[in-house]
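Just below is one structure, and these are the notes that go with it.
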Amino acid sequence: MTTPPASVEISETFVSLQGESTHSGQPCWFVRLSGCNLRCRYCDTARAWERGERRAVAGLVDEYRASGVALAEITGGEPLLQPGFPALAAALRDAGPGPLLVETNGACDLRLVPAGAIAIMDIKTPGSGESERFDRENLRRLRATDEIKFVITSREDFDWAAALVRAERLETRCAAVLVSPAAGLVEAAELARWLLESRLPVRLNLQLHRLVGLA
């Protein structure tokens with residue numbers, strides 16, 4: 001029996017600035033997979049919760065190569081939920097000159113992200129409404145090139161994140177720990193002050209693409 005070609009359900013593909021990692025500021029080709037197992041209160045891509053268009057992995061790789069940019073990212077939704085994700089990640093990793101980034105919400109097994117790709121893993125704070133869904137075993141699964149991100153909705157969230165960073169020495173487990181203000185809930189300048197006061201070994205992370213008026 002012939003094995004059907006690998007495919008995934010996508011919400012959209014687009015080129016924009018990478019805005020939420022240490023690769024921030026670089027042109028990036030994005031593929032947003034559809035479906036998510038969380039319902040964060042500040043989610044700005046709820047459209048990705050719905051079922052999307054099924055696309056062959058090979059066709060998505062061709063689109064990435066034709067985009068003319070080196071950096072690629074798989075985002076969502078929650079991309080690790082889809083059975084076709086490993087095939088897509090491996091194919092994009094092997095297809096281009098730049099690194100492959102994978103955004104994940106921390107509730108799925110991080111080992112699904114293939115070697116050579118960089119996971120940008122959210123750790124959901126209490127203010128997200130989904131902090132209990134985080135798989136703490138993922139802290140042991142991090143690779144040296146991966147990154148952690150906290151989206152901060154309040155001072156309580158920041159203190160919660162700070163306690164976890166210190167208790168687990170998260171900065172030693174991965175390439176970077178990022179803190180981002182939740183839009184409309186925390187001002188960037190306020191989060192910057194908390195960060196400076198705390199002396200935490202983490203990085204302020206702003207949505208650069210939104211600051212310059214891109215989607």
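Any read-out appearing in this document is the output of simple, stated calculations on the displayed coordinates, not a laboratory observation. Predicted model, so just to flag it, every value in this text is computed and none were measured.
Classify the range 1-69 as rounded, prolate or oblate from the Cα gyration tensor: take a ≥ b ≥ c as the square roots of its eigenvalues, call it rounded if a/c is under 1.5, otherwise prolate when a/b beats b/c and oblate if not. Spell out each step's value before the answer.
Working: a/c = 2.65, a/b = 1.16, b/c = 2.28.
Oblate, since a/c reaches 1.5 and b/c is not below a/b.
Restricting to DSSP H runs of at least four residues, report the calculated mean residue ellipticity at 222 nm for the chain, -39500 (n - 2.57) per run over all residues, nearest 500 deg cm²/dmol.
Numbers: 6 runs with 55 residues, N = 215.
It comes out at -7500 deg cm²/dmol, rounded to the nearest 500.
For the chain, what does the relative contact order come out to in percent, with C-alpha contacts under 8 Å and a separation of six or more?
Values: 434 pairs, mean separation 39.2, N = 215.
With pairs under 8 Å counted, the relative contact order is 18 percent.
Please work out the Cα center distance from the range 6-29 to the range 63-123, rounded to the nearest Å.
For the range 6-29 versus the range 63-123, the Cα centre distance is 9 Å.
From largest to smallest, what semi-axes in whole angstrom does the range 7-211 give when each is the square root of 5 times an eigenvalue of its alpha carbon gyration tensor? Could you put the intermediate results ahead of the total?
Values: eigenvalues 151, 57, 56 Å².
Calculated on Cα positions only, the semi-axes equal 27, 17, 17 Å.
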